[in-house]
Amino acid sequence: GGARGGGARQSLTKLAVFIEEQDIFTVENSKGYTYHDWREDLKRVLFLTGLDSKDTTFLFTDTQIRMEAFLEDLNSLLNTGEVPNLFTADEVEQINAE
């Protein structure tokens, strides 16, 4: 066996998610997918995993990188546990209340 393609890695990831009984979250970034859509998707997955305590795998492939800012946000999330200015003050207040 040579190097596995992206499809094989995605299949293995989906199998592992199934075995671990987790949910899978991926972005559906079509042609009109904007940075605002990306940030809303990040909020959604963080709510699922944080407030709702759902064991979730976030599957994001290289073909879904529409802009450099997507990687910057992911890098920040992985390194610091947060994405700067992702939530508005009202959203933070709502999160803290729950």
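The values are calculated or read from the model by the stated rules, or taken from the named source; none is laboratory data. What you are looking at is a predicted structure, and each value in this text was computed from that prediction instead of being measured. Note: ideal-geometry Cβ built from the backbone for every residue, glycine included; neighbour counts use all protein chains shown. Each accessible area value is taken on the protein alone, full model and side chains, heavy atoms only, with ligands, DNA and RNA left out. Shrake-Rupley method; radii C 1.70, N 1.55, O 1.52, S 1.80 Å.
Within segment 35-92, being within 20 Å of residue 14 (Cβ to Cβ) and of a type in the set (D, E, K, R) holds for 41, 44, 54, 55, 62.
Answer yes or no as to whether residue 28 is out of contact with any strand residue (DSSP E or B) (no Cβ under 9 Å at 6 or more places or on another chain), open to solvent by 60 Å² or more (accessible area, probe 1.4 Å) and more than 28 Å from residue 97 (Cα to Cα). For residue 28, the condition - out of contact with any strand residue (DSSP E or B) (no Cβ under 9 Å at 6 or more places or on another chain), open to solvent by 60 Å² or more (accessible area, probe 1.4 Å) and more than 28 Å from residue 97 (Cα to Cα) - is met.
Screening segment 54-85 for residues that are over 18 Å from residue 30 (Cα atoms) and touching a helix residue (DSSP H, G or I) at 6+ places or on another chain (Cβ under 6 Å) and picking the one that is least open to solvent (accessible area, probe 1.4 Å) gives 83.
Checking each residue in segment 86-98 for being in contact (Cβ under 8 Å) with a residue 40 or more places away in the chain and either open to solvent by less than 50 Å² (accessible area, probe 1.4 Å) or not in a loop (DSSP other than H, G, I, E, B) (or both) picks out 86, 91, 95. Scan segment 41-53 residue by residue and report those that are polar (S, T, N, Q) and surrounded by 12 or more Cβ atoms within 10 Å (Cβ to Cβ). The answer is 49, and nothing else. Selection over segment 15-68 of residues that are outside any helix (DSSP H, G or I), under 21 Å from residue 82 (Cβ atoms) and of a type in the set (Asp, Glu) gives a count of 2.
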